[in-house]
1. Of everything in region A:301-320 that's part of a helix (DSSP H, G or I) and without any contact (Cβ under 8 Å) to a residue 40 or more places away in the chain, which residue is nearest to A:Gln66 (Cα to Cα)?
2. Looking only at region A:227-244, decide whether some residue is touching a Gly at 6+ places or on another chain (Cβ under 7 Å) and surrounded by fewer than 16 Cβ atoms within 10 Å (Cβ to Cβ).
3. Among the residues of region B:349-396 satisfying the criterion of being within 14 Å of another protein chain (Cβ to nearest Cβ), over 17 Å from the mean Cα position of the chain (by Cα) and of a type in the set (A, V, I, L, M, F, W, C), which is nearest to B:Phe247 (Cα to Cα)?
4. Restricting attention to region A:45-60, which residues are of a type in the set (A, V, I, L, M, F, W, C), within 7 Å of chain B (Cβ to nearest Cβ) and out of contact with any Leu (no Cβ under 6 Å at 6 or more places or on another chain)?
5. Could you tell me which of the residues B:Ala287, B:Ala324 is over 22 Å from B:Tyr178 (Cα atoms), in a loop (DSSP other than H, G, I, E, B) and at pLDDT 95 or above?
6. Being in contact with a helix residue (DSSP H, G or I) (Cβ under 7 Å, 6 or more places away or on another chain) and either under 18 Å from A:Pro357 (Cβ atoms) or crowded, with 19+ Cβ neighbours inside 10 Å (or both) is the filter here; which residues of region A:183-192 pass it?
7. Are any residues in region B:75-109 more than 8 Å from ligand 1 (Cβ to nearest atom), farther than 21 Å from A:Cys19 by Cα and within 14 Å of chain A (Cβ to nearest Cβ), and if so, which ones?
8. Looking at region B:57-86 only, could you name the residues that are surrounded by fewer than 22 Cβ atoms within 10 Å (Cβ to Cβ) and aliphatic (A, V, I, L, M)?
Amino acid sequence: MDLKLGSDDLNTCVQCGLCLPHCPTYRVTGDETMSPRGRIKLMREVQLHDAPVTDEVVDAFASCVQCRGCEPACPSGVPYGHLMEQTRETLADSGQMTPVWLRAAMKPLAQPKLLAAGTAALGVAKKVGLVPDRLGLGAADIPLRQEPLPTTGTDVYLFTGCVMDTMQRDVHRAGLDVLTAAGFGVTPTGAEAPCCGALQAHAGLTDETRGLAEKMMRSLAPERPIIVDSAGCGAAMKEYGHLLGTEEARAFSGRVFDIQEFLADHVDKLPEVAPLDLRVAVQDPCHLRHVQRVHEATRVVLQPFVRELVELDDDGLCCGAGGAYSVLQPELAGQIRDRKLGSIDRATPDVVASANPGCSLHLGAAGVDTIHPMELVARALSAAM
Amino acid sequence: MYRYAKLKNRVTRTLGIDAAEVESDPFVAELVDALSPDRVKQDGAHRALLSHDASVFDGGNSGPVVFPETTEEVAAVTRAAATHGRNVVPRGAGTGLAGGAIPLGVPVVVAVTRMNEIHEIDTDNGIAWVGPGVVNLDLTKHLAPIGYHFAPDPSSQQVCTIGGNVANNSGGPHCLAYGVTNAHIVAMEVVLPSGDVVMLGGLDAEPAGYDLRGAFVGSEGTLGITTKIAVRITKNRPEVRTLLLSFESVTDAANTVSGIIAAGIVPAALEVMDQRITVAVENYVNAGYPRDAAAVLLAEVDGLADGVDLDADRIAEIGRANGATAVKLAGSDTERALLWKGRKTAFGAIAQLAPDYYLHDTVVPRSKLAEVLTKTYEIADRYDLTIMNVFHAGDGNLHPLILFDARDEGVLEKVHAAGGEIITASLDAGGVLSGEHGIGVEKQKFMDRMFSSDDLDHQNRLRQAFDPGCRTNPGKVIPTGHSCADIQSLRSVPKEVWA
Ligand SMILES: Cc1cc2nc3c(=O)[nH]c(=O)nc-3n(C[C@H](O)[C@H](O)[C@H](O)COP(=O)(O)OP(=O)(O)OC[C@H]3O[C@@H](n4cnc5c(N)ncnc54)[C@H](O)[C@@H]3O)c2cc1C
Ligand code: SF4
Ligand code: SF4
């Protein structure tokens with residue numbers, strides 16, 4: 001069947017296999033059907049040679065975390081992320097992938113009130129032991145109550161999104177404090193821009209994603225930089241240009257910055273304070289490292305504020321969180337996380353810094369003490385005051 | 001691309017294989033008993049994907065695929081295959097460039113990727129015991145904290161397995177000073193085609209008896225499956241200097257290489273890339289490779305500080321005497337790592353230029369480097385094909401790459417004809433057929449240009465001493481007419497076995 005993939009994109013892969021070790025699912029299974037090279041080849045077979053879309057073919061596609069670790073590893077520049085998103089879109093449209101319940105589950109993400117109610121309910125349910133640990137939410141702290149974020153000026157937007165807004169408001173507050181300390185007036189986007197569409201895009205629900213992107217572009221004033229403290233959201237918003245293909249969308253994407261990326265250029269504006277007495281391991285979220293490719297910024301921003309930074313020894317391999325992945329593919333997600341835990345153990349940190357809520361939740365559920373880099377910086381700054 | 005077009009019917013049929021159709025196969029049932037249901041795959045997706053490696057050979061036909069985790073499991077699979085008269089093909093990461101892991105004759109494919117444990121590091125004896133599925137670079141990274149590494153460093157080292165390195169006797173840029181894989185393999189546990197488990201080689205410096213270890217290294221999976229390997233580990237040298245020299249012609253670069261060796265310097269690595277490949281590489285890594293040089297030479301020396309500085313100076317001098325337009329010394333480890341990342345991803349970077357490539361791997365005497373290189377460009381011009389050269393210059397190992405787009409009508413015939421002429425030119429210059437990628441299925445037809453008929457018959461006898469039934473990776477290395485296997489029929493899909 002026609003997966004609607006560009007034939008040049010498909011043909012770019014020379015099947016060299018250099019991407020294999022950077023793929024988390026190949027790493028834990030040793031199985032070619034769970035590798036980028038294998039998945040690309042299956043796409044070719046289906047699109048070019050009308051091979052049947054069997055259960056195993058669907059499995060091969062569905063087991064991809066969409067971490068895009070294979071992209072920077074590929075010397076030929078295969079646009080794997082776009083190939084996989086398009087494949088999922090086509091298969092979702094034809095009803096061969098993404099079960100209906102998943103689509104339904106994603107609806108509330110775009111409606112903050114519903115989600116707020118949902119997470120609060122989840123928080124209560126968890127407290128009384130109702131949430132099955134299979135969801136991977138076990139050890140994570142789900143807030144029961146929120147306080148609104150203040151507006152401190154109009155230099156930059158701070159994108160507060162959906163999941164993040166309710167589950168990680170502390171992170172936004174920290175980001176807001178640090179940006180303010182660096183001399184920027186901040187406007188939290190709040191309900192103006194409810195959702196970036198990242199999870200929908202991963203699930204192949206591209207029409208929904210486009211709708212959300214257009215809505216966001218309409219509601220945020222032009223010219224102002226949009227600062228994002230969730231790697232996944234930032235990556236999605238930087239892709240609007242590709243997604244919508246318009247000049248306007250490209251311009252919008254051009255003013256989206258990851259918060260670490262933005263601050264790396266302004267560290268000198270932050271006050272000099274005593275560093276926190278912590279050995280911090282940096283866990284690069286895939287969407288920061290492989291998609292936005294700005295992970296070095298995290299180190300630049302964090303270094304002055306902690307005693308010691310350590311690198312993990314796994315070359316930025318995915319932790320297995322992958323948006324809804326940990327819920328949809330719990331077994332693989334667990335195996336991938338085990339690899340990451342080994343790497344964290346070897347680094348012997350006091351705490352792990354991760355700039356993505358999904359990773360923090362996923363690692364937190366395994367008992368890892370994770371914290372957003374901005375929270376560390378904010379903590380160091382406030383300790384000095 | 002063309003492999004897909006050609007394969008269309010076969011792969012499409014394979015992909016559609018109905019699991020129920022094969023479930024009743026008693027051989028598969030035995031495999032499931034020996035391993036576990038989730039590690040025996042027989043669906044079309046697995047079988048189609050494992051019919052390929054990184055070579056352009058147009059695919060084989062895979063039977064069931066198994067993922068053993070222990071020696072006992074490999075032995076059980078092998079015994080079951082022997083009982084049922086079925087073929088066996090070992091497979092590592094599938095990065096082979098000569099089609100070695102391509103299954104012929106609907107064999108059970110034994111993917112050893114999950115046997116990836118580093119069992120023991122023994123610094124007293126300078127060895128490490130590893131599983132065959134351990135990724136080459138993973139071992140080196142694992143050894144880094146204690147100041148050692150595994151010396152063979154094929155450009156594919158971030159992905160290829162040590163089992164695959166053994167089977168292909170792989171080389172790499174730094175094998176110039178340290179020797180290819182064979183020099184680093186001390187002993188091996190091997191599951192023979194009968195299912196017996198034997199130890200080849202040993203930790204003694206001079207093991208008694210025949211050196212069967214030596215016979216196994218480079219046997220391309222035709223003598224059995226290695227399940228545990230004792231490799232030599234090498235101490236890291238205290239100092240490294242990496243130089244990048246630019247030239248106005250490939251000949252100048254080749255002459256510099258000859259000059260360096262003639263001066264008695266033993267560099268750790270000497271690698272040359274021509275302009276086309278350098279530009280593609282630079283697009284990917286941004287390491288500071290010059291885009292306007294006709295050729296670059298990457299030279300590395302290692303050892304004690306005084307010595308390496310002296311050698312680096314002499315290399316620069318020899319380069320300049322041979323027309324080097326620029327000589328640059330890598331200023332930091334990061335810069336050095338980036339230069340090597342570029343060199344090591346060269347083959348992969350090619351898709352920026354064309355969707356397909358056909359890679360050769362000949363070795364010529366160093367003194368003939370410039371001459372043979374000039375010939376390769378001439379041959380390509382005559383066929384109206386684009387050719388690039390990237391090679392391990394220090395040991396005369398050429399990798400001429402012919403670029404093409406298989407969607408172009410008739411291009412493949414041209415590619416093969418030009419390839420044949422390149423090989424002939426190398427052999428005429430006193431060279432050999434394969435430097436490091438192996439013979440597999442790709443270079444088989446050229447074997448009789450290097451070996452006499454008697455040579456080939458005796459090689460086949462050695463093979464049959466290990467594998468009397470001719471069922472382990474059948475149809476590889478030894479060409480038709482000398483092989484114990486019926487290569488013609490192996491390549492067709494027998495009616496009675498699925499598909
Ligand atoms: C981009 C790129 C760069 C490369 N650069 C180099 C280079 O610089 N130097 C070089 O020498 N090669 C190079 N190669 C070729 C290839 O990577 C090597 O030959 C490598 O050793 C193959 O390892 P593998 O694990 O991928 O083996 P596979 O391709 O899976 O198998 C190779 C052969 O080994 C056999 N085999 C695998 N495992 C076992 C086992 N446990 N027991 C017995 N037989 C086994 C297979 O049957 C097959 O015949 C390159 C390839 C690529 C794609
Ligand atoms: S995606 Fe890139 S790295 Fe992976 S096999 Fe294809 S060309 Fe090679
Ligand atoms: S996106 Fe991640 S999981 Fe998917 S193929 Fe690439 S590396 Fe593997």
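1. A:Gln303
2. No: region A:227-244 contains no residue that is touching a Gly at 6+ places or on another chain (Cβ under 7 Å) and surrounded by fewer than 16 Cβ atoms within 10 Å (Cβ to Cβ).
3. Top of the filtered list is B:Met388.
4. A:Leu48
5. Just one listed residue meets the conditions, B:Ala324.
6. A:Val186, A:Pro188, listed by residue number.
7. Result: B:Pro103, B:Val109.
8. B:Ala75, B:Ala76, B:Ala82
The values are calculated or read from the model by the stated rules, or taken from the named source; none is laboratory data. Here the structure is a predicted model, which is why all the values come from computation and not from measurement. Methodologically, a virtual Cβ is constructed for each residue, glycine included, from the backbone with ideal geometry; neighbour enumeration extends over all protein chains shown.
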